[in-house]
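Asks: Input: one structure, supplied below.
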Amino acid sequence: MLATRELTAFYGDFQALFGITFELNEGETIAIIGANGAGKSTFLKAIAGLLPRPAAAVRLDGRDIGALPAYDIVKLGVALVPEGRRLFSSLSVEENLLVGAYGRRTGGPWDIAAVYRLFPMLRERRHAPSTALSGGQQQMVAIGRSLMSNPRILLCDELSLGLAPIVIRDIYAALADIKAGGTSVVLVEQDLVHAMSVADRAYCFQEGRVSLSGRPQELTRDAIHAAYFGI
Amino acid sequence: MLGWIDTLLQGILLGGLYSLYATGLSVIFGIMRLVNLAHGDLIVLAAFLILAATSVGVPLVAALAVVVPLMFALGYVLQSVLLNRALGRNILPPLLITFGLSIIIQNGLLETFSADTRFLNVGPLQGASLPLGGGIAVGVMPLICLAAAIAVILVLNGVFYRTAVGRAFRATSDDVEIAQLMGINNRSIYALTMGIALAVCAVAGFFLGARANFDPSIGPARLLYAFEAVIIGGLGSLWGTLAGGVVVGVAQTVGAHIDPEWQILSGHVAFLIVLVIRPRGLFPRAVD
């Protein structure tokens, strides 16, 4: 469904990705693991359209989408939950969710009622300023906000970053519900255990290249270790 | 005592005019972080456009009704074909473009309308006043001007806080990168923003010409008052901008009451005092 071919990305003169070839099939969950600075977040940003990339390097359903700006990518059903939540600070919880519907694709299961069913806590706090929420609640808003666009593919950047283990468990439980609704998921994670437990396949990045890929159960600890650190 | 009350009242009314100058600037800066150095000249341009319309026989209010959408369109086009190309992390290029615009507009007006001082003829309303008793009276035009300033803010707040497109404006102002991830085309939001700001400029130009004389050279001074009102008010709200306009207006009339030569100076001094005491303005944004 979604594929990249020799995807490269730059921050100014600094090259962050050196030709990533990747494929996501319908309904699949893929984990992207790797050390800090391996290019995982950059990869998601390049797909979502926040970074310039070669036009033919990203394909969705066989169509090149590499030249499209971010606000058109989301309308095709590819939504990014950004690293660090990045909620709109002057908007309430509910307004954050409603903004997520701005680039809404028709025909998916998600609307504000469905998001409140997934995260009932958000309904109680819907009029609170988004800055008044705990880290875990903010992450729920960030996920809900992306779901409001009715994505076919949800790109998640470091969902567990800075959250308590019990909260991470809740977030991953919600992720299972999202998958059950038919959404494909790409997870960027530093938390190996969680990422591997939900993923159908995994890619390991190292210094802007894919160093290892395969099904979690086929990847040995040593192989992951080597691919992770390059030793 | 009565003299001071009168002075204060006149200052508040003058603040209404300054608030109208400042509201457009505040909207532009709040949403795009762009400082529009041509803002004052655009107000003067609007005043001349209204004047030109009345000189061919269009009634004054109808002229305003024509110039408001005209200025909106000008703002939309200006942003989409010119300023959007200069957007980026560096704030200098758009600043230089608006500086150049300021010079072009001033000289264009000078060529077209000459350096003569003009005013908009509002008929019998010109000198009309409302006696408040005790020898104090307020001008009807200044009163309408203050009411217009408040009405403009009410309308803009209604758009920003009660509509879906208003949410998109605020989201873009908070975090333009994430706003794009939500499907918001930031460039068209910016074009709308500039359109709205210039529509407010048209209203401001109307009251500029209705309350006082104008000529092509007075834009930069209006920009200065507007800028001071925005900074005094803080970037939190448009009501803050109104308050900022009133602070500058009151400071000017109080200064003039003491010594007519101090009028302009005391407005600037009040600005500096507020800046020293509250560097982020009277009503700052919660998170920046």
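Asks: When you scan the range B:229-239, do you find a residue that is within 14 Å of chain A (Cβ to nearest Cβ), within 22 Å of B:Leu37 (Cβ to Cβ) and within 14 Å of the chain's Cα centre (by Cα), even just one?
Replies: There is at least one residue in the range B:229-239 that is within 14 Å of chain A (Cβ to nearest Cβ), within 22 Å of B:Leu37 (Cβ to Cβ) and within 14 Å of the chain's Cα centre (by Cα).
Asks: How many residues are over 23 Å from B:Arg187 (Cβ atoms) and either in contact with a Ser or Thr (Cβ under 8 Å, 6 or more places away or on another chain) or at the interface with chain B (Cβ under 10 Å from one of its Cβ atoms) (or both) when one looks only at the range A:57-83?
Replies: Residues in the range A:57-83 being over 23 Å from B:Arg187 (Cβ atoms) and either in contact with a Ser or Thr (Cβ under 8 Å, 6 or more places away or on another chain) or at the interface with chain B (Cβ under 10 Å from one of its Cβ atoms) (or both): 4 in total.
Asks: Moving on. State yes or no: is B:Gly134 under 22 Å from the mean Cα position of the chain (by Cα), surrounded by fewer than 20 Cβ atoms within 10 Å (Cβ to Cβ) and either within 24 Å of B:Val81 (Cα to Cα) or away from chain A (no Cβ under 11 Å) (or both)?
Replies: Numbers: under 22 Å from the mean Cα position of the chain (by Cα): no; surrounded by fewer than 20 Cβ atoms within 10 Å (Cβ to Cβ): yes; either within 24 Å of B:Val81 (Cα to Cα) or away from chain A (no Cβ under 11 Å) (or both): yes.
The answer is no for B:Gly134.
Asks: Filter the range B:174-190 down to the residues that are facing chain A (nearest Cβ under 7 Å) and part of a helix (DSSP H, G or I), then identify the one that is farthest from A:Leu80 (Cα to Cα).
Replies: Per the stated criteria, the residue is B:Asp174.
Asks: Please tell me if B:Thr193 is within 14 Å of chain A (Cβ to nearest Cβ), touching a helix residue (DSSP H, G or I) at 6+ places or on another chain (Cβ under 6 Å) and touching a residue at least 60 places away in the same chain (Cβ under 8 Å).
Replies: No.
Asks: Can you list residue pairs whose Cβ atoms sit under 8 Å apart, with the first residue in the range B:111-135 being within 29 Å of B:Gly219 (Cβ to Cβ) and touching a residue at least 12 places away in the same chain (Cβ under 8 Å) and the second being outside any helix (DSSP H, G or I) and of a type in the set (Phe, Trp, Tyr)? Count only pairs 6 or more apart in sequence or on different chains.
Replies: Once the first residue is within 29 Å of B:Gly219 (Cβ to Cβ) and touching a residue at least 12 places away in the same chain (Cβ under 8 Å) and sits in the range B:111-135, its partners that are outside any helix (DSSP H, G or I) and of a type in the set (Phe, Trp, Tyr) give B:Thr117/B:Phe214; B:Arg118/B:Phe214; B:Phe119/B:Phe214.
Asks: From the list B:Pro69, B:Pro94, which one is closer than 23 Å to A:Leu51 by Cα and touching a residue at least 24 places away in the same chain (Cβ under 8 Å)?
Replies: B:Pro94
Asks: Same structure again: Has the range A:155-174 got any residue that is of a type outside the set (S, T, N, Q), over 22 Å from A:Ser134 (Cβ atoms) and not in a helix (DSSP H, G or I)?
Replies: Yes - at least one qualifying residue is present in the range A:155-174.
Asks: Which residue, of A:Arg63, A:Arg85, A:Arg59, A:Arg105, is at positive phi and among the basic types (Lys, Arg)?
Replies: Going through A:Arg63, A:Arg85, A:Arg59, A:Arg105 in turn, just one is at positive phi and among the basic types (Lys, Arg): A:Arg85.
Asks: Here are some conditions: (1) polar (S, T, N, Q); (2) at pLDDT below 95; (3) over 18 Å from A:Lys179 (Cβ atoms). A:Gln138 meets all but one. Which one does it not meet?
Replies: With (1) polar (S, T, N, Q); (2) at pLDDT below 95; (3) over 18 Å from A:Lys179 (Cβ atoms) applied to A:Gln138, the lone miss is (2).
Asks: For the range A:87-132, give me the residue count where each residue is over 22 Å from A:Ala176 (Cα atoms) and in contact with a helix residue (DSSP H, G or I) (Cβ under 7 Å, 6 or more places away or on another chain).
Replies: Total satisfying the criteria: 18.
Asks: Which one is nearest to the chain's Cα centre (by Cα), of the residues in the range B:161-172 that are more than 7 Å from every other protein chain (Cβ to nearest Cβ) and in contact (Cβ under 8 Å) with a residue 12 or more places away in the chain?
Replies: My answer is B:Phe169.
Asks: In this structure, does A:Arg126 turn out to be under 14 Å from the mean Cα position of the chain (by Cα) and not polar (S, T, N, Q)?
Replies: Against the criterion (under 14 Å from the mean Cα position of the chain (by Cα) and not polar (S, T, N, Q)), A:Arg126 does not qualify.
Asks: Quick one: A:Cys156 ticks every box in (1) touching a strand residue (DSSP E or B) at 6+ places or on another chain (Cβ under 7 Å); (2) more than 14 Å from every other protein chain (Cβ to nearest Cβ); (3) closer than 26 Å to A:Leu219 by Cα bar one, so which box is it?
Replies: Looking at each condition in turn, A:Cys156 falls short on (2).
Asks: Give the residues of the range B:210-227 that are in a helix (DSSP H, G or I) and touching a Leu at 6+ places or on another chain (Cβ under 9 Å), sorted by residue number.
Replies: Residues satisfying the conditions are B:Ala210, B:Arg211, B:Gly219, B:Pro220, B:Arg222, B:Leu223, B:Tyr225, B:Ala226, B:Phe227.
Asks: Looking at (1) crowded, with 18+ Cβ neighbours inside 10 Å; (2) more than 13 Å from every other protein chain (Cβ to nearest Cβ); (3) under 29 Å from A:Pro129 (Cβ atoms); (4) basic (Lys, Arg), find the lone condition where A:Arg53 falls short.
Replies: (3)
Asks: Only one of these conditions is not met by A:Met121: (1) part of a helix (DSSP H, G or I); (2) surrounded by 23 or more Cβ atoms within 10 Å (Cβ to Cβ); (3) of a type in the set (A, V, I, L, M, F, W, C). Which number is it?
Replies: (2)
Asks: Among (1) touching a strand residue (DSSP E or B) at 6+ places or on another chain (Cβ under 8 Å); (2) under 21 Å from A:His194 (Cβ atoms); (3) of a type outside the set (Asp, Glu), there is one condition A:Ala128 misses while meeting the rest; what is its number?
Replies: Failing condition for A:Ala128: (2).
Asks: With the structure loaded, tell me whether B:Ile150 is part of a helix (DSSP H, G or I), at pLDDT 95 or above and within 11 Å of chain A (Cβ to nearest Cβ) or whether it fails that test.
Replies: no
The values are calculated or read from the model by the stated rules, or taken from the named source; none is laboratory data. All of these numbers come straight from a predicted model, not from anything done at the bench. All Cβ positions, even for glycine, are placed from backbone atoms using ideal geometry, and neighbour counts span all protein chains on display.
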